[in-house]
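Input: a single structure, listed below in structure tokens.
The values are calculated or read from the model by the stated rules, or taken from the named source; none is laboratory data. Everything numeric in this text was worked out from a predicted model, so none of it was measured. Methodologically, a virtual Cβ is constructed for each residue, glycine included, from the backbone with ideal geometry; neighbour enumeration extends over all protein chains shown.
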Amino acid sequence: MDFAGAYSWINIRFLLEGLWVTLEVAFLSIIFSFIIGGVLGLIRFLDIPVLSKAAGAVVDLVRNLPLLLIIFFTYFALPQIGIRLSIFWAAVAAMTIFESAMLSEIIRSGLTSIPRGQIEAGVSTGLTYGQTMWYIVIPQALRAMVPPIVSQFVALIKDTSLAVIITLPELTRNARIVYGQNTNYVIPTFLMIAFMYWVVCYLLTKFSKRLEATYN
Amino acid sequence: MKEIIQFQKVNKYYGDFHALKDINLSFNKGEVTVVIGPSGSGKSTMLRCINGLESIDDGKLIVNGTDLHAKATNLSQIRKRVGMVFQHFNLYPHMTVLENVTLAPIKVLKQDPEEARKTAEQLLDKVNLLDKKDSYPTRLSGGQKQRIAIARGLAMNPEVLLFDEPTSALDPETIDDVLDVMKKLAREGMTMIVVTHEMGFAREVGDRIVFMADGQVVEDREAVDFYENPRDPRAKQFLGKIISHV
């Protein structure tokens, strides 16, 4: 084991670059999934005849596929039908598809958790259904959603390591390159990336707990 | 007296259950009507039809000159003239008391926020809760919440205020504060339709009693007349039970 060699500035910088890509992919994906998942969740919540059922079917399909398969799909299958994405965007697309399905469930159940009486109170004062959702239901639902969304984000950061399979230069991939130079680097490198994943995810979880505490 | 709400042969079903049977009723401006009857008799359902929280299946329901059942009817237009106070208050927990009261005036009536705040403060003063204007509802007792809910209803300056068992979810010691506010409104000439079990209130300020049972209006009479001489056996039995409980 060669800790000093493994932790040379060049190696650490390379790992940090990987961590940055991991965070970029995770962050972009969570933003896109929040928008798409929000729309899907709202459609399912509103119980629109055909549309809600269709949205439900898509969500159920995606939720029951392995993420790895979706990554293969966006990187290897999409080019076959003429959609060519870079490694980076193929990873973001795969994560977004997967997370949108997860977030739509969180968002739907967050909306459902608001008592019916809140909607009745809103519309009974003359607010439209849309205004009632916007001013009364959604703000309350968002508070209920913050903790599950953050834990989904944490899961997403960890899942990003699956994109190593399409050689996305994220943290796990860069670690492989580092210990590829020298077998004495294997354990130190694994310890270092474990530490990096842990710090990021732990801080996020702490942040979510604090948010929760302020709301209550 | 001017009729502001009219039920004409209104029927409502929940699946196979016939919740409202051929309801004919009218409510007059400035009158306090107390709706009583055993649970499951359709009182709340009838009340909730008036502002369209429940739809009717058959018949005609005219509120403030508008046919509620007609396709073109904009429910929001009706609802801003018809306030409602719920059994479980339904205050918005993420807003302060003042925000609860001013939300609809600002968003629906497009009142200037400053003007809405002034009106809200007057109303909060009227229900004796001006000192709670910056509190959040979770910090308040049930009776306080219900008085805020009344202020919220009044803030829209409605033609009529509906009360759906406003004291049923309250601790006994806070009921009187709510009833006092309601009595004050009644005396000021507010048009009120109150579904309640509070017979003391009904006796003191009710102009008219509507007694419902099994989805039907069984009695609909002047209050004094009703107490002294209930005609229907179900009404007699109901009154007998309530009075023996008091």
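Which residue pairs have Cβ atoms under 8 Å apart, sit 6 or more places apart or on different chains, and have a first residue in region B:194-215 that is of a type in the set (Lys, Arg) and a second that is modelled with pLDDT of 90 or more and not in a loop (DSSP other than H, G, I, E, B)?
That search, which allows pairs on different chains as well, returns B:Arg208/B:Val32; B:Arg208/B:Thr33; B:Arg208/B:Val34; B:Arg208/B:Asp220.
Quick one: would you say B:Ile56 is assigned to a loop (DSSP other than H, G, I, E, B), more than 9 Å from chain A (Cβ to nearest Cβ), in contact with a Leu (Cβ under 9 Å, 6 or more places away or on another chain) and under 21 Å from B:Leu20 (Cβ atoms)?
Yes.
Against the condition within 14 Å of another protein chain (Cβ to nearest Cβ), surrounded by 17 or more Cβ atoms within 10 Å (Cβ to Cβ), touching a residue at least 40 places away in the same chain (Cβ under 8 Å) and on the phi > 0 side of the Ramachandran plot, how does B:Asn90 come out, does it pass?
Yes.
Hey, among A:Ile36, A:Ile43, A:Ile48, A:Ile30, which residue is surrounded by 14 or more Cβ atoms within 10 Å (Cβ to Cβ), among the aliphatic types (A, V, I, L, M) and over 16 Å from the mean Cα position of the chain (by Cα)?
None of the other options fit; the residue is A:Ile43.
When you check B:Leu109 against the structure, is it under 23 Å from B:Thr191 (Cβ atoms) and crowded, with 19+ Cβ neighbours inside 10 Å, yes or no?
The answer is no for B:Leu109.
Out of curiosity, is B:Leu47 modelled with pLDDT of 95 or more, under 11 Å from B:Val195 (Cβ atoms) and within 14 Å of chain A (Cβ to nearest Cβ)?
yes
Can you list the helices (runs of 4 or more DSSP H) found entirely within region A:113-207 that contain at least 1 residues being within 14 Å of another protein chain (Cβ to nearest Cβ) and crowded, with 17+ Cβ neighbours inside 10 Å?
Passing ranges, in order: A:116-124, A:129-132, A:138-159.
Applying the selection to region B:93-109, what residues are more than 11 Å from every other protein chain (Cβ to nearest Cβ) and outside any helix (DSSP H, G or I)?
B:Thr96
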